[in-house]
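Input: a single structure, listed below in structure tokens.
No value in this document is a laboratory result; all are computed from the given coordinates. Just so it is clear, the model here is predicted, and its values are computed rather than measured. Quick reminder, even Gly has a Cβ in these numbers, built from the backbone with ideal geometry, and neighbours come from all protein chains shown.
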Amino acid sequence: MHFADIDKILDRRMVLTMKQDNEIFLASREIEARIPINILEEGDKKYMLINFPSSFGEVQKNRIFLKKYDAKNIGSHYVIRERINHVEKWKYIQEIMNLPSVVVNRINLKGGLIAFYFRYHHSVKNKISNILSNYTDGDDGQIETMDPSPGILKILDRLDQFYSLGMVQVSIPLTEEERTLVGFVRDDFIGESTNNLISGNGINAIVYTGETVENPQLNEIYGESGLYGMNLKDNTLQGWREKLNRIPVIRFRQFLRIRNNDLHILTLLPYSQTDLAYRAFFEEICESNRHNATLDFVSKYDRSVILDF
């Protein structure tokens, strides 16, 4: 299977917005840029890790603002940690994220709102509609757009225009146990992580098979489109992701493929943060004693590389 074959399998897209009533969101209205957000869950509490650019608005106001909120300087940008308001709306976002085939492309702060960008398969549109009837009750949650997806390739091209994307690819040899668990995933299947959240239950991913397959370890989403779900448990991959979440490093997309018993992971992120990503990877393989894991390449975004994945 080629990457171009999966381009429009998730044939729908949607952008939802959520109001937040605090000073940080009021300040964001002065910034024209789309500000990426990472979501952090700690028990029942939800936090945003807001990635502000190194400069915005008036310089003096910028310094005062960042100091007031104890912003963490991680080189390319500042990170502010803020509790999420309107948690009752967040539960509907989670319901959507948990639906089969739903992928979170990114989460942004723009114009004083949180914007959630989704792709999904048309087979879940009725379930999404039912959730949205609750999400849009009142003024705090709104639908910005809902229409056919232009395809993941055009979405990545557009993200590159906004954020100057970079690419980091790593390879992790599978253990004997992992080979047994994922032995059904052939070299020609492509996986895509559904979001950047992580739990003890592993990493959720969509598997594009290109055909109908029968295996109890794959959860059928829409067999006619060769669309399945799986849960991947690899300690090194999970440990790396945990480190990226803590820094935090913004990841827009992550694709997976198994070749010759190696798990290849291609991550799309701002190019300015690629060094944070590969340093975290090196740290993880040292801590986990997984010295056979490899950093394959680090580069600026190149569509041809995506197509060859």
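Can you classify the stretch 15-157 as rounded, prolate or oblate using the Cα gyration tensor, where a ≥ b ≥ c are the square roots of its eigenvalues, rounded means a/c under 1.5, and otherwise it's prolate if a/b beats b/c and oblate if not? Could the numbers behind the result be given before it?
Working: a/c = 2.10, a/b = 1.67, b/c = 1.26.
Cα axes put the stretch 15-157 in the prolate bin.
Highest GNM mean-square fluctuation among R81, R279, R106, for the chain modelled with Cα contacts below 10 Å: R279.
According to the square roots a ≥ b ≥ c of the eigenvalues of the Cα gyration tensor, what is the shape class of the chain, taking rounded for a/c under 1.5, prolate for a/b larger than b/c otherwise, and oblate for the remainder? Note, shape of the chain comes out oblate. Fully extending the segment from L295 to R158, taken as 0.36 nm per residue of separation minus the present Cα-Cα distance, adds 46.7 nm.
Annotation: amide H-H contacts under 5 Å for R253 (H modelled 1.01 Å from N, sequence separation of 5 or more, or interchain): L268.
Order these peptides, 256-263, 240-247, 145-152, 289-296, by their mean beta-carbon neighbour count within 10 angstrom, highest first.
Numbers: 256-263: 17.2, 240-247: 19.0, 145-152: 15.1, 289-296: 13.5.
Top to bottom by mean Cβ count within 10 Å: 240-247, 256-263, 145-152, 289-296.
Annotation: lysines with alpha-carbon distance below 25 angstrom to K8 (same-chain offsets under eight excluded): K125, K127, K154, K300. Each of I74 and K91 was given a label point 7 Å from its Cα along the Cα-to-Cβ line. The distance between the two points is 3.0 nm. Taking a ≥ b ≥ c as the square roots of the eigenvalues of the Cα gyration tensor, the stretch 129-179 is oblate, since a/c reaches 1.5 or more and a/b is not larger than b/c.
Calculate, for L307 and Q142, the FRET efficiency according to 1/(1 + (r/R0)^6) with r their C-beta to C-beta distance and R0 41 Å; round to the nearest 0.05. Intermediate values should be presented prior to the final figure.
Details: r = 35 Å, r/R0 = 0.87.
My answer for the efficiency is 0.70.
Hydrophobic long helices, here whole DSSP H runs in the chain with Kyte-Doolittle means of at least 1.0 and Cα atoms spread over 24 Å or more along the helix axis, are not found.
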